Every structure is written in structure tokens, then in C-alpha cells.
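Chemist: Mind looking over this structure? Questions follow.
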Amino acid sequence: MTKVNKKENERRIANRASRVLPEGSLGNLNYDLIIERGKGSHVWDESGNEYIDYLLGSGPLIIGHSHDEVIEATISQLQKGTTFFANNEKAIHLAEEIVSAVPCADKVRFFSTGSEATLYAMRLARAFRERDKILKFEGGFHGMNDYALMSMTPKKLYEFPQSEPDSPGIPKSVQSEVLVAPFNNIDITTSIIEEHHDEIGGVIVEPLQRLIPPAPGFLQGLRDVTQHFKIPLIFDEIVTGFRLAYGGAQEYYKVTPDICTLGKAVAGGFPLTAVAGKKEIMEHFDSKRVDPDQHLLQVGTLNGNPIACAAGLATLNILKQENTYEKLFETGSVLMRALQDTFDNAQIPAQVVGEPVLFDVFFTDHEVYDYRSGLNGNAQSLTEFNQLLLTHGVLKGATKFYISTKHTQKDVQVTANIFEQIAEILKS
Ligand SMILES: Cc1ncc(COP(=O)(O)O)c(C=O)c1O
């Protein structure tokens, strides 16, 4: 694939962006890139350059861009109405599909963003347990709400369980309500829970934290200690839901939480997320089953939006087909191996971390098992790697390769060749 060639038209659009958007961006990926369209595993920029896409809209497009069946399902729903603020069959059908697929899901409520879903999942746990504090893990990402934005990328490495807000504007009082533990360290986590169990309303974890897989026994240990103290365990499965397996990380790692969040793949590229959980906990959303002071109000203009639900159902239909996950994992495994081999052969210290359906490289020769060990990675080298990929026609996010069912052997081969060209550049 030839290197990309930017045209005046794209620069003009970027200039318009800087006039109306802070930093000229939507707050998401801030590359020198205006995407015009996507199809399958590829996107095109406004200069007409084509990229193999491992960004995939930051994960939702697990069956690729503009899949024919998603288009058909959404157009059919568009013709019947776009939103109702009332029960609709598509939303009920999607909830049924989640209940049958996801081990912890007895009941489901829908939201529009992951930040909203994690906010409600934590509120639900607090309401159920009648305790205020949340325990999360250092480096864990749960979106942009006030409770989530604690020690996601802490500047100071405090002694656990002290948290640090990741953003100005978060009330000081929230900081004292969030405890932080080291991912993959069940001993420290258990001792924090033992000490604070009477204050903790819920524990939230990304079962695959960013890219870091759980160490053997870590999730089960977390399940055991939370069960012992009757503290709701929340798996944030916005990324892993319907990606690691049809039943998500809880199926893949064989540990069932009490509550989970779902997003991205479940809505096929439309703004819809969900909280699912055990019946006795989800009852807090049901005014007929709990006292008024125990009832969680949950109203949202686009909750269960029928177009998003139609797109989600069409996506899940494809994912349910035989061998879909085998193929996804095979594609990702080949690429992961190519990435590691390339840097090993070039004698560039690098660790490819993740699962075959989402992974990335840390430029370090140290093992990466939690947030602090991840800091050994050379972030500047990763930025340079991402930039070189982009100029060679490969698009990925700042810290992830996402794999889709639409990535072909040719895509993988071309990408592997580009890895080799880039390793040569990075070496020199
Ligand atoms: C694990 C996790 N939780 C929550 C979120 C927030 O989702 P959203 O961007 O839809 O608010 C994300 C977003 O990537 C995520 O990866």
C-alpha cells in the first residue's frame, strides 16, 4: 500500500474544525485525519487515502463498517420511526438476547453511553448495598463520570487505596468515596476489602483491564471476596461484551459478576449501552418491587432507541453464526504474533499485550500486569509507531488494535509487512 497523500480539501476541513471545536477535535482520536467513509475493514479520508482500520470506531464495529445487514435493519426501522420514548419490540428483543447470552443478566436497562451505564451500575450497587464507597482498580477506565475518573491515569502514585481525580471539576467529596486497588494483586485488593467492607457499595473492574489480561485466579479471587462480604461485583464489559465471547468476559474467563455494563458491539455502531444484572439487584429499577426510597429513577430520552436496537440485533445475529469467534481470534492471533516477531527480530524491546480480539504493544522489556508496570512502556515510541502506521495506511487507536470479522488475510499480510517497514524506521 502506498503512503498516504494529504490534499488541500482535508486541510481546509481541519481548519474549519479548529475554529469551532476546542483543540479542533471531538475529544476522541486527535490524529491529522478527517474520515469520509468506511466499509468493511477499511476507511477513507477526505483526501481519498484508504486505510486498513483497526480503530473500528473504538470497538463497536466488530462486524466492520456499514455491514449490509446492519444497513438493512436500520433503514427498515428508520421507515417506521426513529425514537418513541416508550417500549418498543426491538428494545425488548435486544434485552431478551442479552439475557440469553450474558451469564449475570436476569434483567436489562438501556442507556446511551458507556459513561452513563457505569454511572448507573455503580449507583445501583450502592443502592442495593446501602453503602457509599466504590472500589475500582488503578488504571481502570470506566468512562467520564465523576466516580469513574479516579486514578485512571494518576500522576502521583499514592499508597493504595488512596484515589486521585483524573480531571478538574470533580468535587473533593467524590474522591473520598472511591477506593483504589492494584489490578491483578488479589492480596492487596482483599486486604482493602476486608478493612473497608462495611463502607463499600460495589467493586467495579474491567475484567480485561484496558489490554491487560487477568492473572490466573485474580477474577475468581475478587468474586470470592466480594461474595463473602455480599458486595456487588460489577464487570465493566463495555469493551469485552460480545467481543471476547458471545457471553463476554464473564463467559471467556468463567467468572460471573452480579452486574455488568455492555456497550460498543451490542449496539452495532449506534449510541446504546446497557446495564444487566441479577434479578434481586435490578429490582431497584422497579418501583413496584422496592420501597419508594429504594427505587432508582432512570429516565433517558433515547433509552432503548429502536434504530440502535435494530443495529445491535443485526450485529448479534452475525456474531452468533458458527465459527465467528474462532475466525476473529485466528485473525487477531496472526497479527499479534507478527507484531511481536517483528520487534523481536528487530531487537526493539516490546511486549504485545492483550487478547487476540484487542491488543497493543508496550515498548518495554518488562512484563506488563497492572497500571504501574505499564508505565515502563515508552509512550513516545508508541505515539511514533501509531503515526508511522497512519502514514503507511493503517489506522488504529492510541492504545489498541481492534479486530473485526471483516479483516481479511490480505489485510493481515499487508499490515504485517508494514510492521516490518516501521521496525526498520524505528531501529534507525
Ligand atoms: C471499559 C469502558 N467503560 C466505559 C467506557 C465509556 O463508554 P463511552 O465512551 O460510551 O462513554 C469505555 C469507553 O471506551 C470503556 O472502554
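Chemist: For the condition more than 15 Å from the ligand (Cβ to nearest atom), among the hydrophobic types (A, V, I, L, M, F, W, C), surrounded by 21 or more Cβ atoms within 10 Å (Cβ to Cβ) and touching a residue at least 24 places away in the same chain (Cβ under 8 Å), what is the one hit in 238, 231, 204, 212?
Modeler: After applying the criteria, what remains is 231.
Chemist: Given (1) open to solvent by less than 10 Å² (accessible area, probe 1.4 Å); (2) under 30 Å from residue 329 (Cβ atoms), where does residue 193 come up short, assuming only one miss?
Modeler: Here residue 193 meets the rest and fails (2).
Chemist: Cβ contacts < 9 Å: first residue in contact (Cβ under 8 Å) with a residue 60 or more places away in the chain, restricted to region 114-129; second residue near the ligand (Cβ under 9 Å from one of its atoms) and assigned to a helix (DSSP H, G or I), any location; separation 6+ or different chain. Result?
Modeler: Final answer for the pair search is 114/264.
Chemist: Regarding residue 52, is this residue within 16 Å of the ligand (Cβ to nearest atom) and not in a helix (DSSP H, G or I)?
Modeler: It is false that residue 52 is within 16 Å of the ligand (Cβ to nearest atom) and not in a helix (DSSP H, G or I).
Chemist: Continuing with this model, one more query. Need a quick list: helices (runs of 4 or more DSSP H) entirely within region 367-428 having at least 2 residues that are open to solvent by 60 Å² or more (accessible area, probe 1.4 Å).
Modeler: In region 367-428, the matching helices (runs of 4 or more DSSP H) lie at 379-391, 409-427.
Chemist: To continue, here is another question. Any idea how many residues of region 61-85 are buried (at least 23 other Cβ atoms within 10 Å of the Cβ) and either out of contact with any strand residue (DSSP E or B) (no Cβ under 8 Å at 6 or more places or on another chain) or over 14 Å from residue 395 (Cβ atoms) (or both)?
Modeler: The total comes to 4.
Chemist: Among the candidates 4, 43, 102, single out the residue that is open to solvent by less than 60 Å² (accessible area, probe 1.4 Å) and within 16 Å of the ligand (Cβ to nearest atom).
Modeler: Exactly one residue qualifies, and that residue is 102.
Chemist: Please verify whether region 324-338 includes one or more residues that are of a type in the set (Lys, Arg), open to solvent by 40 Å² or more (accessible area, probe 1.4 Å) and farther than 21 Å from residue 265 by Cα.
Modeler: Checking region 324-338: at least one residue is of a type in the set (Lys, Arg), open to solvent by 40 Å² or more (accessible area, probe 1.4 Å) and farther than 21 Å from residue 265 by Cα.
Chemist: Among the residues of region 263-285, are any among the hydroxyl-bearing types (Ser, Thr, Tyr) and closer than 12 Å to residue 103 by Cβ?
Modeler: For region 263-285, residues among the hydroxyl-bearing types (Ser, Thr, Tyr) and closer than 12 Å to residue 103 by Cβ: absent.
Chemist: Now a separate question. Taking the condition of being polar (S, T, N, Q), part of a loop (DSSP other than H, G, I, E, B) and open to solvent by less than 90 Å² (accessible area, probe 1.4 Å), how many residues in region 285-308 meet it?
Modeler: The total comes to 4.
Chemist: Now, a different point. If the Cβ limit is 6 Å and pairs must be 6+ apart or interchain, which residue in region 316-342 that is closer than 16 Å to residue 64 by Cα pairs with which residue that is buried (at least 19 other Cβ atoms within 10 Å of the Cβ) and aliphatic (A, V, I, L, M)?
Modeler: Close Cβ pairs satisfying both conditions: 318/63; 328/357; 328/403; 331/403; 332/357; 332/403.
Chemist: Only one of these conditions is not met by residue 199: (1) away from the ligand (no atom under 16 Å from the Cβ); (2) surrounded by fewer than 24 Cβ atoms within 10 Å (Cβ to Cβ); (3) within 24 Å of the chain's Cα centre (by Cα). Which number is it?
Modeler: (3)
Chemist: For residues that are more than 9 Å from the ligand (Cβ to nearest atom) and either among the hydrophobic types (A, V, I, L, M, F, W, C) or open to solvent by 20 Å² or more (accessible area, probe 1.4 Å) (or both), tally how many sit in region 112-163.
Modeler: Adding up the residues that qualify gives 32.
Chemist: Okay, moving on. Against the definition (polar (S, T, N, Q) and closer than 27 Å to residue 394 by Cα), how does residue 298 come out, yes or no?
Modeler: So residue 298 does not fit the description; no.
Chemist: Now, a different point. All but one of (1) under 20 Å from residue 283 (Cα atoms); (2) more than 16 Å from the ligand (Cβ to nearest atom); (3) surrounded by 16 or more Cβ atoms within 10 Å (Cβ to Cβ) hold for residue 33; which doesn't?
Modeler: Result: residue 33 passes all but (1).
Chemist: Also: Residue 183 passes all but one of (1) within 14 Å of the ligand (Cβ to nearest atom); (2) assigned to a loop (DSSP other than H, G, I, E, B); (3) closer than 30 Å to residue 90 by Cα; which number fails?
Modeler: Of (1) within 14 Å of the ligand (Cβ to nearest atom); (2) assigned to a loop (DSSP other than H, G, I, E, B); (3) closer than 30 Å to residue 90 by Cα, only one is false for residue 183: (3).
Chemist: Name the residues in region 146-196 that are of a type in the set (Phe, Trp, Tyr) and farther than 21 Å from residue 121 by Cα, would you?
Modeler: Scanning region 146-196 gives 158, 160.
The values are calculated or read from the model by the stated rules, or taken from the named source; none is laboratory data. Since we're looking at a predicted model, the values are computed, not measured. Here the Cβ is made from the backbone with ideal geometry for all residues, glycine too, and neighbour counts use every protein chain on show. Keep in mind that these areas ignore ligands, DNA and RNA; they rest on the heavy atoms of the full protein, side chains included. Shrake-Rupley method; radii C 1.70, N 1.55, O 1.52, S 1.80 Å.
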